[in-house]
Every structure is written in C-alpha cells, then in structure tokens.
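The values are calculated or read from the model by the stated rules, or taken from the named source; none is laboratory data. These numbers come from a predicted model, not from an experiment. No Cβ is skipped: glycine too gets one built from the backbone with ideal geometry, and neighbour counts run over all protein chains shown.
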Amino acid sequence: MKKILVICLILSTSNMLFASQSAEELANQKCGSCHLMGAITKEKLKNMKAPPYWAIAKKANLRYEKNEDRIKYLIDYALNPDEDKMLFPKETKEKFGVMPSQKDKVTEDEIKLISEYILKEKS
Ligand code: HEC
C-alpha cells in the first residue's frame, strides 16, 4: 500500500512539473476552451467559440514587427479586451462576441509563456 502511495505521489508531481513547463498545455488550459489550440480535431472545429491560435498569430505578426510588441498585444488583449482594440474584422465580433476579460483566470507571466507558443505559428 505504501509503495502504491509513493508511486502515485511521484507520478502526480512529475505531471505537475510537466504541465508548468509546457506552454502548449498552459495555452490549452487557459485559452483552449474558446480558442482552438494544439492539434485540430473535428470536435474542436465544431465547437469553435473564437478564432484559432494560428489566426491570432497571423494578425499579431502582420500588425507588429517586433516580437515583444506582439507579446504586449496578447497580454493586453487577454486582460483588457475591447472591441476598439480588435485586429480581427467586425464580423468576428458578430460571430463570436467580444472576448471576456481573463484577468482573474490567468497571470501576465502565464500569458507571456502562452504567447511564445501562439506566436511560433508564423503562417
Ligand atoms: C471565454 C472564451 C475565451 C477565452 C477563455 C479566451 N478568449 Fe481570446 N477571444 C475570444 C473571442 C470570442 C474572441 C474574438 C472576438 C474578439 O476579438 O474580442 C477572442 C479574440 C482574441 C484575440 C484577438 C483580438 C483581436 O481581435 O485583435 C486575442 C489576442 C486573444 N483572444 C487572446 C486570448 C488569450 C491569450 C487567451 C488565454 C489567456 C484567451 N484569448 C482566452 C474568447 C475567448
């Protein structure tokens, strides 16, 4: 019994370590309920509630030349979304509504990590 407990403990802590290191996991957890993140599945495409992450990357990359400005935009938008700041066309708002602020759900440091993952998509 003790052995099983120890094994469980090791497994759960290594899982936590992995999760805190993986920007993809974090992006999925914090933004993936609305934005399509990571691998595409039929289910995810059907349940889209916001533009997918590669579309966000494309907008940020076109609008801002420096990576730090792209990250700033992502952090600012996730914490203080506003239709006047939108890079996406108005139809996006009509289809999905304006994004609700994620202020109490995600920290600035976490969005920084998530941004690095999102912005790697240079399509
Ligand atoms: C509850 C659903 C929801 C969650 C969770 C969510 N978003 Fe969004 N997001 C939206 C919707 C809807 C839009 C499209 C409308 C808009 O631009 O406001 C959007 C748009 C965006 C845009 C593009 C804004 C523009 O038009 O220029 C960015 C950047 C963004 N989200 C970042 C994030 C990040 C980063 C996270 C995770 C920390 C996140 N979102 C979590 C719903 C969500």
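Can you go through SER33, SER20 and tell me which one is modelled with pLDDT under 85, under 17 Å from ILE118 (Cα atoms) and within 16 Å of the ligand (Cβ to nearest atom)? First the steps, then the outcome.
Working: SER33 fails: modelled with pLDDT under 85.
Result: SER20 is the single residue among SER33, SER20 that is modelled with pLDDT under 85, under 17 Å from ILE118 (Cα atoms) and within 16 Å of the ligand (Cβ to nearest atom).
Quick one: how many residues across region 64-83 are in a helix (DSSP H, G or I) and either at pLDDT below 95 or more than 9 Å from the ligand (Cβ to nearest atom) (or both)?
Our first condition is that a residue be in a helix (DSSP H, G or I); within region 64-83, this holds for 67-79, 83.
After this cut, where a residue has to be either at pLDDT below 95 or more than 9 Å from the ligand (Cβ to nearest atom) (or both) as well, the list is 67-72.
Number satisfying all stated conditions: 6.
Answer yes or no: is there a residue in region 65-78 that is free of Cβ contacts under 8 Å to residues at least 40 places away in the same chain and within 12 Å of the chain's Cα centre (by Cα). Lay out the reasoning, then the answer.
Let us first name the residues in region 65-78 that are free of Cβ contacts under 8 Å to residues at least 40 places away in the same chain, namely 65-66, 68-69, 72-73, 76-77.
Filter again for within 12 Å of the chain's Cα centre (by Cα), leaving 77.
Scanning region 65-78 turns up at least one residue that is free of Cβ contacts under 8 Å to residues at least 40 places away in the same chain and within 12 Å of the chain's Cα centre (by Cα).
Counting only residues that are more than 9 Å from the ligand (Cβ to nearest atom) and among the hydroxyl-bearing types (Ser, Thr, Tyr), how many does region 36-62 have?
Final tally of qualifying residues: 1.
Take the residues of region 103-119 that are within 6 Å of the ligand (Cβ to nearest atom) and either acidic (Asp, Glu) or part of a helix (DSSP H, G or I) (or both): which is surrounded by the fewest Cβ atoms within 10 Å (Cβ to Cβ)? Steps first, answer last, please.
We begin by selecting, within region 103-119, every residue within 6 Å of the ligand (Cβ to nearest atom); these are 106, 111, 114.
Narrowing further to those that are either acidic (Asp, Glu) or part of a helix (DSSP H, G or I) (or both): 111, 114.
Numbers: ILE111: 23, ILE114: 28.
Among residues in region 103-119 that are within 6 Å of the ligand (Cβ to nearest atom) and either acidic (Asp, Glu) or part of a helix (DSSP H, G or I) (or both), the one surrounded by the fewest Cβ atoms within 10 Å (Cβ to Cβ) is ILE111.
Return the residues of region 84-97 that are surrounded by 16 or more Cβ atoms within 10 Å (Cβ to Cβ) and in a helix (DSSP H, G or I); say none if nothing qualifies.
Hit for region 84-97 is THR92, nothing else.
In this structure, does PRO100 turn out to be exposed (fewer than 12 other Cβ atoms within 10 Å of the Cβ) and near the ligand (Cβ under 7 Å from one of its atoms)? Before you say what the answer is, go through the steps one by one.
On the way: exposed (fewer than 12 other Cβ atoms within 10 Å of the Cβ): yes; near the ligand (Cβ under 7 Å from one of its atoms): yes.
Here the answer is yes, as PRO100 does meet what is asked.
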